[in-house]
Every structure is written in structure tokens, then in C-alpha cells.
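Heads up: the structure comes next, in C-alpha cells.
The values are calculated or read from the model by the stated rules, or taken from the named source; none is laboratory data. None of the values given here were measured: they were computed from a predicted structure. Neighbour counts run over all protein chains shown; Cβ positions are idealised from the backbone, glycine included.
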Amino acid sequence: MQRVAIVDPTESTRESLRTLLLGVDFVWLDNECARYEYFADVIQSAPPELVIVALDADKNKALQLIQQLSAEHPTLPILTISHDHQALLQSLQKGAKYFLTHPVGLQDILSALRRALGEHSGGASSQSGRITQNTTSSVVALLGSRGGVGTTTIAVNLAATLAADPNHAVALLDLDLALGDADISLEVSGSENISIADLAHNIERLDMNFLRRALAKHEGTGLSILRHPLEIGQVGMIHEQHVDRIVNLLKMSYTNLILDLSKGLLPTDLTGLRMADQILLVAQLELASLRNVVRLLHCLGGEDGLVEKIRVVINRQGAETIEEGISIKKAEEVIGKPIFWQIPNDSKSVIGARVAGHPLIKFAPKSAVQKSFVGLSQAMYGKPASGGNKGSKRGWFGRG
Ligand SMILES: Nc1ncnc2c1ncn2[C@@H]1O[C@H](COP(=O)(O)OP(=O)(O)OP(=O)(O)O)[C@@H](O)[C@H]1O
Ligand SMILES: [Mg+2]
């Protein structure tokens with residue numbers, strides 16, 4: 001995602017430009033300015049990858065600004081827009097590199113942006129050398145094979161385990177929109193009343209400040225969480241396009257996004273699955289859950305690239321309540337795929353942590369189940385997570 005700033009004193013054209021840019025998934029509208037005089041200051045501290053200057057509100061002031069921008073930021077690409085061919089020509093003489101004539105359509109802006117950003121990107125760094133896109137950002141989606149198998153428990157504790165690494169910025173998105181409960185396991189401060197519904201409602205006006213305020217933070221771990229809608233009635237207003245945009249924007253600020261999906265295979269869930277780099281399909285060693293793993297693998301296998309990302313995780317291994325005598329070997333035969341990881345049953349630690357509102361890494365850092373989450377994160381990323389379980393490479397119950 002590349003950052004773009006626009007200046008256009010005319011509200012109507014500025015709004016249509018903003019709407020156009022919101023339809024382009026590789027740019028982030030970083031700043032919008034209504035005054036030519038202020039624009040240079042607005043972008044001074046963190047210049048974007050591209051600026052767009054609309055000339056028609058005041059041609060002279062606009063040209064003066066372009067001259068100033070090209071002197072202060074010689075490598076910053078400037079795209080100008082106008083009805084007036086003469087003005088466009090003059091803007092090129094003052095330092096603009098690209099231009100578009102009004103009216104500007106989506107296709108026009110797309111190709112201009114691709115050209116401008118493609119020619120000038122040279123990596124993910126901005127003019128100031130600040131990294132603006134986190135190219136290593138990883139998205140993990142968690143999907144349960146039936147209700148209550150521990151999907152949310154794994155999402156929360158995997159996220160908290162990853163967040164323990166100071167190089168990580170981790171956000172957990174509760175996409176179990178109607179009945180999600182990830183926030184119960186995380187006692188958070190601030191942003192009490194902001195949820196994904198507010199982001200969806202303001203999708204056209206989202207800026208980085210609003211986005212940051214929308215995520216609540218768990219103090220003990222530094223993990224951020226975007227909650228499910230507070231009112232179940234708001235679920236209908238959240239569409240897959242919202243999820244797509246929100247995930248893409250959050251990837252700019254976070255190294256790891258963990259998506260706790262619903263079991264409804266809704267369009268929002270499918271978007272999460274498509275956007276994920278890895279999908280953890282959570283199951284338990286019992287018939288209904290394993291049968292659903294087979295059904296889900298079959299169903300998701302219909303779409304290119306999904307099944308390859310799926311890793312089956314068995315939760316509550318060793319639970320007395322699971323008495324069907326199904327071994328890991330048998331489960332692997334049934335689903336036709338290796339079990340990627342196994343998480344031990346530990347009701348005392350898991351329920352205690354949930355009641356306390358703190359992930360296991362804080363509540364029971366030495367428990368076998370927390371060690372298993374460390375192992376899981378290592379297995380997923382092929383490198384040690386902070387506070388790792390040095391003793392056993394693939395965790396307590398992991399396959400060797
Ligand atoms: N490894 C574990 N050991 C013991 N108890 C566990 C473990 N994992 C999850 N649980 C318990 O199982 C119950 C269901 O867990 P959780 O809410 O995480 O499941 P879920 O799949 O997200 O459920 P839902 O279908 O409601 O979304 C909770 O009471 C939780 O404490
Ligand atoms: Mg859940």
C-alpha cells in the first residue's frame with residue numbers, strides 16, 4: 001500500500017477524487033488538504049509516495065505550490081489534474097511528472113497511479129526513509145470445524161504469544177461478527193465502544209487515526225483487538241469489501257493479523273480465508289469435528305490456493321471428555337492431511353485465563369498449553385518466538 005496525499009480546495013472534486021482513490025486497493029489516502037498554502041506543511045513531516053494537486057481552484061497558487069514541492073522534495077512524484085490543458089502544461093514545467101484531464105475516471109486514475117508509483121516506488125520506503133508498507137505482514141485466519149472446539153482460545157493465545165516479540169505489532173480481528181467473544185479473554189482499556197461496525201460505517205472516511213482508535217489494547221501483552229459489532233443488528237452492514245479494506249489498511253501498521261472467523265462461511269469469512277497467508281483449521285479428536293474437517297477441506301478445495309494454506313490443529317488433546325478412541329494417526333488417515341499441531345487440554349489454565357481476562361502468556365506462562373502455543377508460533381513461522389519453549393522443537397504434542 002502506497003501513501004497518497006491530495007490537495008484540492010474545491011470540495012466536490014476533492015470528494016470525487018477521494019471516492020476514486022478509495023476504490024484503489026494499493027493506495028492509502030494519507031492526507032487530504034483544502035488549502036494550497038497549507039499543503040507543504042501538511043506533508044512535511046512524513047511525505048507520502050505521491051501527491052495529487054488539482055489545479056482548477058486557483059491555478060497560480062497551485063503552480064506556486066508545485067514549484068515549492070519539487071524544490072523541497074525533488075524525488076516526490078506530483079500528479080496534477082485540471083480541465084485546462086495550458087495549466088497542465090505549466091504544471092509539468094514547474095516540476096509535476098504526471099497529469100490527468102478532467103473528468104477523471106477510475107481507469108484513468110488507476111493507470112496514472114500504477115505508472116507514477118511503479119516508476120518511483122523502488123521499494124517500500126517513502127521519501128523520508130520511513131517504512132510505509134509492512135511487506136512482511138502476515139495474516140492468519142482461524143476457522144473452527146464446529147462450535148466450541150477452541151478457535152477463539154487459539155486465536156487469542158497465538159496472538160498474545162506473537163505479541164511477546166518486541167519486533168511484532170499484533171492485531172486480533174474478531175470476524176465472528178454475530179456471536180464473537182474474543183474480547184472476553186482480553187481485558188482491554190480504551191476504545192470501549194468502537195468496533196468493526198464503526199469502521200464499516202465510516203469506511204469512506206477511514207484515516208489512520210480513526211483506525212488506531214478503533215483497536216483496543218491489552219496492556220499486559222500489547223496485543224490490539226478489533227471487536228465484533230456491539231449490537232448483533234449491526235452485522236448486516238459489514239460486507240466483504242469492508243473486511244478486505246480494513247485488513248489491507250491494518251497490514252500497514254501491524255506485522256501480524258489474526259482473524260477469528262465465524263463458522264458460517266459467510267462472505268466476510270471467505271474474504272478472511274482468501275486474504276490469509278495461513279489458515280488454522282481447528283478440530284478435536286472426535287467424529288463430528290473431524291467429519292467437518294473433511295467437508296471443509298472438500299468445499300474450500302473448490303477454490304484455487306485455499307487448501308494449500310490450511311493447517312489442521314487438534315485442540316484439547318488428552319481431554320477426558322473426548323473418549324472416542326480416535327488417534328492422531330486415524331485422524332490423519334480420515335482427513336488425508338497431516339495434523340500440523342496439537343494443543344493439550346488444560347481446563348484449569350485456559351478457563352482461569354479467560355475469567356481473568358488475560359492470555360495464557362500472562363496468566364500461566366509455564367503451563368503446558370502456553371508452551372504449546374509458543375511451539376505453534378515457531379512451527380508456523382519457522383523461527384523461535386520470544387519466550388520460546390527451548391526444550392522441545394515441535395512443542396509438547398507436536399509431530400516430530
Ligand atoms: N486447550 C484447551 N484446554 C481446555 N479447555 C479449552 C481448551 N481450548 C478451549 N477450551 C475451552 O473450550 C471452550 C470453547 O472454547 P472457545 O470459545 O475458544 O471455542 P470456539 O471454537 O471459539 O467456540 P465458538 O464456536 O463459540 O466460537 C471454552 O470454555 C474454553 O475455555
Ligand atoms: Mg469462538
Hey, among the residues in region 328-351 that are exposed (fewer than 13 other Cβ atoms within 10 Å of the Cβ) and farther than 18 Å from V294 by Cα, which one's farthest from ligand 2 (Cβ to nearest atom)?
K348
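When you look at I326, is it over 27 Å from the mean Cα position of the chain (by Cα), more than 16 Å from ligand 1 (Cβ to nearest atom), β-branched (V, I, T) and modelled with pLDDT under 95, yes or no? First the steps, then the outcome.
Values: over 27 Å from the mean Cα position of the chain (by Cα): yes; more than 16 Å from ligand 1 (Cβ to nearest atom): yes; β-branched (V, I, T): yes; modelled with pLDDT under 95: yes.
In short, yes.
Which residue out of L250, L306, L290, L285 is of a type in the set (A, V, I, L, M), within 24 Å of the chain's Cα centre (by Cα) and modelled with pLDDT of 90 or more?
Working: L250 fails: modelled with pLDDT of 90 or more; L290 fails: within 24 Å of the chain's Cα centre (by Cα); L285 fails: within 24 Å of the chain's Cα centre (by Cα).
The unique qualifying residue is L306.
Of all residues in region 143-165 being more than 8 Å from ligand 1 (Cβ to nearest atom) and touching a strand residue (DSSP E or B) at 6+ places or on another chain (Cβ under 7 Å), which is farthest from L211 (Cα to Cα)?
At the first step, the residues of region 143-165 found to be more than 8 Å from ligand 1 (Cβ to nearest atom) are 143, 145, 157-165.
Cutting the leftovers down to touching a strand residue (DSSP E or B) at 6+ places or on another chain (Cβ under 7 Å) gives us 143, 145, 158-159, 162-163.
On the way: L143: 25, S145: 31, L158: 23, A159: 19, L162: 21, A163: 19 Å.
Result: S145.
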Go through region 134-164 and give me each residue that's assigned to a strand (DSSP E or B) and more than 9 Å from ligand 2 (Cβ to nearest atom).
S138, V139, V140, A141, L143
Conditions (1) over 20 Å from G105 (Cβ atoms); (2) assigned to a loop (DSSP other than H, G, I, E, B); number of the one not met by D56
(1)
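Taking the residues in region 166-186 that are in a loop (DSSP other than H, G, I, E, B) and within 16 Å of ligand 1 (Cβ to nearest atom) as candidates, determine which candidate is nearest to I238 (Cα to Cα). Reasoning before the result, please.
Filtering region 166-186 down to residues in a loop (DSSP other than H, G, I, E, B) leaves 166-169, 176-181, 186.
Right, trim to within 16 Å of ligand 1 (Cβ to nearest atom) and you get 176-181, 186.
Working: D176: 11, L177: 9, A178: 11, L179: 14, G180: 14, D181: 17, L186: 23 Å.
Restricting to residues being in a loop (DSSP other than H, G, I, E, B) and within 16 Å of ligand 1 (Cβ to nearest atom), the top hit is L177.
Can you confirm whether A96 is touching a helix residue (DSSP H, G or I) at 6+ places or on another chain (Cβ under 8 Å), at pLDDT 75 or above and surrounded by 19 or more Cβ atoms within 10 Å (Cβ to Cβ)? Talk me through it step by step, then tell me what you get.
Details: touching a helix residue (DSSP H, G or I) at 6+ places or on another chain (Cβ under 8 Å): yes; at pLDDT 75 or above: yes; surrounded by 19 or more Cβ atoms within 10 Å (Cβ to Cβ): yes.
For A96, the condition - touching a helix residue (DSSP H, G or I) at 6+ places or on another chain (Cβ under 8 Å), at pLDDT 75 or above and surrounded by 19 or more Cβ atoms within 10 Å (Cβ to Cβ) - is met.
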Going through region 187-203 in order, the residues found to be surrounded by fewer than 20 Cβ atoms within 10 Å (Cβ to Cβ) and in a loop (DSSP other than H, G, I, E, B) are E187, V188, G190, S191, E192, N193, I194, N202
Residue hits (region 301-314; outside any loop (DSSP other than H, G, I, E, B) and surrounded by fewer than 20 Cβ atoms within 10 Å (Cβ to Cβ)) are V307, E308, K309, R311
By residue number, the members of region 353-381 that are closer than 17 Å to Q278 by Cβ and among the aromatic types (F, W, Y) are F373, Y381
P48: under 30 Å from N248 (Cβ atoms), touching a residue at least 60 places away in the same chain (Cβ under 8 Å) and assigned to a loop (DSSP other than H, G, I, E, B), yes or no?
yes
What's the total number of residues in region 212-244 that are crowded, with 19+ Cβ neighbours inside 10 Å and either within 18 Å of G23 (Cβ to Cβ) or not aliphatic (A, V, I, L, M) (or both)?
8
Please go through region 350-400 and pick out each residue that is modelled with pLDDT under 95 and among the hydroxyl-bearing types (S, T, Y).
Y381, S386, S392
Lone qualifier among L172, L206, L179 - being surrounded by fewer than 17 Cβ atoms within 10 Å (Cβ to Cβ) and either closer than 27 Å to S349 by Cα or touching a helix residue (DSSP H, G or I) at 6+ places or on another chain (Cβ under 7 Å) (or both)
L179
